[in-house]
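Chemist: I'd like to ask you about the structure that follows.
Derivation of every value follows stated rules applied to the coordinates shown; laboratory data play no part. Keep in mind it's a predicted model, so treat the numbers as computed, not measured. Heads up, the Cβs are rebuilt from the backbone with ideal geometry, glycines too, and the neighbour counts pull from every protein chain shown.
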Amino acid sequence: MQLKGFMFDMIQNELEDAVGRENCSTREADKLVHGVDYYWLSRMWADRGMTPPEADIIVCPKNAKEVSSVLKIANYYKMPVTTWGGGGGTQGGALPLAGGIVLDTKRMNEITEFNTDSMYMESGTGAIHTHLEWYANERGYATMHYPSSQNCSTLGGFLAHRGIGVVSTKYGKIDDMCLSMEVVLPNGDIINTSPVPKHAAGPDLNQIFIGSEGTLGVITKAQMRIYVQPELRWFRAFLFKDLTSAFAAGKELLTKIKPSCMRLYDEAETVSLIKKIVGVERKGAFMNLALEGMKDIVAVEQKILFDTFAKYGAEDLGSDYGEKWWKEKITFFYPGHMMDIPQMFGTMDSVATYSNIEKIYWAMKEAVETNFPMAKFIAHFSHWYEWGAMIYDRFIVDNPPQDPHEALRLHNQIWYTGVRAALANGGVVNDHHGVGVKLGKLMKEQYGPAMQVMEGLKRQLDPNGIMNPYKLGL
Amino acid sequence: MYYTDSDKRTIDNCRFCFMCRHVCPVGMVTGSEANNARARAELISLVNRGFPYTADMAEVVYECALCGACTTQCCTGFDPLPFTKHARMAALSEGIAPAYINELLDRIEENGSAYPAVDNPELAEELASLPEKADVLLFLGNAAAVCPESAVAAVRLLKKAGVTFAVMKEEPDCGMDLADLMGPAEEARQVLLAAAEKINAVGTKTIVALSPDSAKVFLREYREWGAPLNAEVKTFPAFIVELWKSGALNFKNTGETVTYQDPFRLARELHETEAPRELIRACGNLKEMYRHGEEAISCGEGTIGLYRPDLTAKMAARRMKDAISTGAMTIITACPTSCAALRSAEGLTVKPLEVFLLEHTC
Ligand SMILES: Cc1cc2nc3c(=O)[nH]c(=O)nc-3n(C[C@H](O)[C@H](O)[C@H](O)COP(=O)(O)OP(=O)(O)OC[C@H]3O[C@@H](n4cnc5c(N)ncnc54)[C@H](O)[C@@H]3O)c2cc1C
Ligand code: SF4
Ligand code: SF4
């Protein structure tokens, strides 16, 4: 459908009426900045001087009521709505690939409750996560959600992509931290999930919207757990002879205690890390972990850790590396420390049981390295459960094609090859970066007929298909 | 668009980096994706790839308060301010700068300053008895127009300390606003050169800059743009600390609980966070605000308030909330435009540092 004459102005006026004129923009500059997120393809596209995907209008509502008005207008005119938090997503989830409205959530950033009685804070989902952390820290508490993008991304973005932080092994993923949410459905209805998550009043509505990537509605507010600061956070690094013994040690440890952070590196990453620590190149599998909480309990856990790891021949490398890493854990993601264009790269994170995780590593490595000899493959395993672990594997191509279409083709081929290798060995499309437009195509390959559950929800909640088209494979 | 090799490096790195958006005071209040360093870098990088430099891009370029919070927190050490100023210079030369910028520049050209002429009898009376020349020159800068009570208090403090000092009868505009608005354009440089000549003609040994805006431009742009001053430049708080430590001034501590807003030019550009604190602690009980010192969140001070008072009002209102949550009743400022900005927000009593100190002299 094409809008004729003054019809676009009419819609714009309605949106201005809903959110205030100053919170509605058709400035070319605003469209351009909402056309490039952290997705490699969108960056490459801009780098090659190609026009980014542009919305027709950007709206910045202040609360659920305004979001509701926007969605009602969008539904009436059947205009696509793409929710944009911080644009820090890596899967192109926030890109307005069908034009229409970009709904930027960052004005919905108010912290409305800090409840130390029930240990949660309530905030608008447009809050930048570091602001939530600072707010909690000022009051002596912590969010314990420390993704490397906490400075750039919003609470809503982390919920929408099922994000994860570095102390997840003890405190969980974002979906473990959420008590309750306010969501605006595509038809404009404002709903609340349920007052608490652990109930038997049917399925947990939180978990329908967490991970839905803006395809089923807009999450406008959330109650998130807060935690007391640990009396002690203690780091220790170890070198194992290989990944197999490190996995065996790690999974045994998790039957006894829960480190907060646990990071195991493959041989390629180990060699360079160990060189930095002990000054010489050593092969093996490097692990850095942290124990935290009350001092007395950490002391007991330390003994269990040393006893367990000794059984697997782990070499103790002390605490210095971990302490330094903790201070600089976000520094690695700033330009100059992080891969960037002109390189092509991607993080193909997956998660699987202990029976499968090492198989996945070798399968992905082989698939990427044999099919794409120009690609380097490195991996670490940084989120651990009692039943399995997450693989954070990266491919890097130093000299990708200059032609944007060719670069896009190569990028997608590597992604499909890598993720298919994970799927074939019991993995999933993604662990914590989400699906977006990048991996939508592979959702059906993972879910098969189970995909109809999500498609059914989509049809029922968003019959006009206005919410974030082309994302999540919906 | 004109840009240097260093600008290019910075733009190439900032354009896809979202890591400092959380400290941008403008982004915090507008919620706009365009208000952070990466957005501006992305736009300029597109212009350098053939996209037209449009008027609304120039608008975005002027929506930055040049507060330097992004620079301070950048782990890699990139500074987005120089390319922002060069983009302003380009916007002006290409005739696409916002109308309000051109109007402001016209006003500055016409009146020699962005501020209205000073008409304050109390200040005039304090200045009347001062010599024309002295080893110490108190440079009032925008304090005289924006916050005359701070200028009056500053003069009284120096008199009380027995300092022989001069204040120029016809003080030139220090040029900070022009440098912010135009970047290193030749017109701005000429204004700085002319001001330097006038100030040097006083033949003073020490210039005490009351406004951090003047201190910053004297210590940075005057040197970098080849308009050196033949005197040592000191900020007002640093100079008062010297007087206090030498015994020329004494303060009584009344135990009053106050909080302090660090002006970005003083804290980040000149790295001066301790001098005002030492003085405040000598007079009362200082309760620090959320994000303070070099990490302070701007309250909308500086040049941006001259052309986007709406943004300044929002930044001031958000910062006032931080001040309120300290539990203090008074917020002390060490910068005239911070004082004016915070007074536009409802909340605590806003007091210039000079006034606070004068009240506590003994
Ligand atoms: C340097 C860097 C490091 C990273 N490290 C990590 C990490 O350690 N852990 C991790 O989990 N991720 C990491 N990421 C990825 C990224 O931060 C996450 O994917 C995050 O969830 C994106 O949030 P955002 O606010 O930036 O969302 P956007 O990119 O704006 O949007 C992402 C998706 O969420 C949807 N969305 C956003 N807000 C809402 C809402 N309120 N309601 C409904 N849908 C919404 C959008 O439509 C889109 O589909 C990293 C990214 C960067 C740039
Ligand atoms: S200044 Fe540093 S943190 Fe900010 S955008 Fe540039 S590179 Fe990123
Ligand atoms: S200088 Fe200040 S206002 Fe400008 S982008 Fe950086 S943080 Fe934002």
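Chemist: Calculate how steeply helix B:81-93 sits against the longest principal axis of the alpha-carbon atoms of chain B, using the helix alpha-carbon long axis, and give the answer as 0 to 90 degrees to the nearest 10.
Modeler: Taking Cα atoms only, the helix is inclined about 70 degrees.
Chemist: Specify, per residue and in Å³, the volume enclosed by the convex hull of the alpha carbon atoms belonging to the protein assembly as shown.
Modeler: 179
Chemist: Could you put B:38, A:459 in order, starting from the residue whose Cβ has the fewest other Cβ atoms within 10 Å?
Modeler: Arranged by neighbour count, lowest to highest, B:38, A:459 become A:459, B:38.
Chemist: Report the net charge of residues surrounding residue A:15, where surrounding means a beta-carbon distance below 11 angstrom and charges are Lys +1, Arg +1, Asp -1, Glu -1.
Modeler: Taking every other residue near residue A:15 into account, the sum is -4.
Chemist: Using a simple charge model, +1 on the beta-carbon of Lys and Arg, -1 on the beta-carbon of Asp and Glu, nothing else, what dipole does chain B show about its Cα centre, in debye to the nearest 20?
Modeler: 980
Chemist: Another question, then. Provide a whole-number value for the mean count of partner chain Cβ atoms within 10 Å of the Cβ atoms in peptide A:145-151.
Modeler: 2
Chemist: On to the next question. Tell me the mean residue ellipticity at 222 nm calculated for the protein assembly as shown from its helices only (DSSP H runs of n ≥ 4, each -39500 (n - 2.57), averaged over every residue, nearest 500).
Modeler: Estimated from H runs of four or more residues: -12500 deg cm²/dmol.
Chemist: Now for a separate question. Taking 56 Å as R0, compute the FRET efficiency from the Cβ-Cβ separation of residue A:450 and residue B:2 and round it to 0.05.
Modeler: With a Förster radius of 56 Å, E is 0.45.
Chemist: Using 1/(1 + (r/R0)^6) with R0 = 35 angstrom and r between the beta carbons of residue A:7 and residue A:460, what's the FRET efficiency to the nearest 0.05?
Modeler: Calculated transfer efficiency: 0.75.
Chemist: Further question: On C-alpha positions alone, give me the angle between the axis of helix A:451-461 and the longest principal axis of chain A, in degrees, nearest 10.
Modeler: Around 30 degrees separate the two axes.
Chemist: Below 23 Å, Cα to Cα, which lysines can residue A:198 reach? Residues fewer than 8 away in the same chain don't count.
Modeler: In chain and number order, the partners are A:170, A:173, A:221, A:258.
Chemist: Hey, what do the phi angles of region B:289-299 turn into as Karplus ³J(HN,Hα) couplings, whole Hz, using 6.51/-1.76/1.60 and θ = phi - 60°, x for Gly and Pro?
Modeler: My calculation for region B:289-299 gives 8, 3, 6, 9, x, 5, 9, 4, 8, 4, 9 Hz in order.
Chemist: Quote the relative contact order of region B:121-242 in percent (integer), defining contacts as alpha-carbon pairs under 8 Å separated by 6+ residues.
Modeler: So the answer I get is 30 percent.
Chemist: Ignoring the sites themselves, what is the longest stretch of chain A with no GluC sites (Glu not before Pro) in a DSSP loop and at most 11 other beta-carbon atoms within 10 Å?
Modeler: Longest run free of exposed loop sites: A:1-280.
Chemist: Oh, and also: Give a quick list of trypsin sites (Lys or Arg not before Pro) in region A:77-162 that DSSP marks as loop, anything other than H, G, I, E or B, with at most 13 other Cβ atoms within 10 Å.
Modeler: A:78, A:139
Chemist: Once each part is reduced to its C-alpha centroid, what is the distance from region A:54-129 to region B:229-246 in angstrom?
Modeler: Region A:54-129 and region B:229-246 have Cα centres separated by 50 Å.
Chemist: What net charge is computed for the residues neighbouring residue A:256, neighbours being all others with C-beta under 14 Å from the C-beta of residue A:256, Lys and Arg scored +1, Asp and Glu -1?
Modeler: Computed value for this residue: +1.
Chemist: When the chain is fully extended, how far beyond the present Cα-Cα distance does residue A:331 get from residue A:21, taking 0.36 nm per residue of separation?
Modeler: Stretched out fully, the residue A:331 to residue A:21 stretch lengthens by 107.8 nm.
Chemist: Okay, next question. Can you give the Rg/Rh ratio of region B:247-359, where Rg is from the C-alpha atoms and Rh is the Kirkwood radius?
Modeler: Answer for region B:247-359: 0.96.
Chemist: Tell me the net charge near residue A:233. Cut-off is 10 Å between Cβ atoms, residue A:233 excluded, with +1 for each Lys or Arg and -1 for each Asp or Glu.
Modeler: In short, -3.
Chemist: Using a 7 Å offset from Cα along Cα-Cβ at residue B:295, what residues in region A:108-136 end up with backbone N under 20 Å from the label point?
Modeler: The answer is A:111, A:127-136.
Chemist: Which is farthest toward the positive dipole end of region B:1-155 among B:30, B:78, B:131, measuring Cα position about the Cα centre, with Cβ charges +1 (Lys, Arg) and -1 (Asp, Glu)?
Modeler: B:78
Chemist: So how strong a dipole does the protein assembly as shown carry about its Cα centre when Lys and Arg Cβ are +1 and Asp and Glu Cβ are -1, to the nearest 20 debye?
Modeler: Value, rounded to 20: 2000 debye.
Chemist: So how many Å³ per residue does the convex hull of the Cα atoms of chain B work out to?
Modeler: Normalising the Cα hull of chain B by residue number yields 125 Å³.
Chemist: Distance from the Cα centre of region B:294-362 to that of region A:166-242, in angstrom?
Modeler: 38
Chemist: Then there's this: Please report, in cubic angstrom per residue, the volume enclosed by the convex hull of the alpha-carbon atoms of region B:86-181.
Modeler: Considering the Cα atoms of region B:86-181, their hull volume per residue is 114 Å³.
Chemist: May I ask you to sort B:108, A:277 by Cβ crowding, counting other Cβ atoms within 10 Å and putting the fewest first?
Modeler: Starting with the residue having the fewest Cβ neighbours, the order is A:277, B:108.
Chemist: Another one. Residue by residue, what Karplus-based ³J(HN,Hα) values in Hz, rounded to whole numbers, does region B:187-201 have, using 6.51, -1.76 and 1.60 with θ = phi - 60° and x for Gly and Pro?
Modeler: 4, 5, 4, 5, 5, 5, 4, 5, 5, 4, 4, 5, 5, 4, 5
Chemist: Using a Förster distance of 22 Å, how high is the FRET efficiency between residue B:288 and residue B:359, based on the Cβ-Cβ distance and rounded to 0.05?
Modeler: Calculated value: 0.55.
Chemist: Aspartates and glutamates within cross-link reach of residue A:295: Cα-Cα under 16 Å, excluding same-chain residues under 8 positions apart?
Modeler: Reachable aspartates and glutamates: A:231.
Chemist: A further question on this structure: With each label point set 7 Å from Cα along the Cα-Cβ vector, what nm distance links residue A:324 and residue A:252?
Modeler: Each label point is offset 7 Å from its Cα along the Cβ direction, giving 3.0 nm.
Chemist: Turning to a different aspect of this structure: What are the radius of gyration and Dmax of region A:111-228, computed over its Cα atoms and given in Å?
Modeler: 13.3, 40
Chemist: Using a simple charge model, +1 on the beta-carbon of Lys and Arg, -1 on the beta-carbon of Asp and Glu, nothing else, what dipole does chain A show about its Cα centre, in debye to the nearest 20?
Modeler: Rounded to the nearest 20 debye, it is 540 debye.
Chemist: If you consider only alpha-carbon coordinates, what radius of gyration and Dmax does chain A have, in Å?
Modeler: 22.7, 76
Chemist: Using alpha carbons only, how many angstrom separate the centre of region A:352-398 from the centre of region A:425-474?
Modeler: Going from one Cα centre to the other spans 23 Å.
Chemist: Just need the relative contact order of region A:111-228 here, percent rounded to a whole number, with Cα pairs under 8 Å and 6+ apart.
Modeler: 32
Chemist: Also: Could you give the spread of the C-alpha atoms of region A:193-245 along their three principal axes, from largest to smallest, in whole angstroms?
Modeler: Principal-axis extents of the Cα atoms in region A:193-245, largest first: 47, 31, 24 Å.
Chemist: Can you give me the relative contact order of chain A as a percent, contacts being Cα pairs under 8 Å and 6 or more apart?
Modeler: With pairs under 8 Å counted, the relative contact order is 16 percent.
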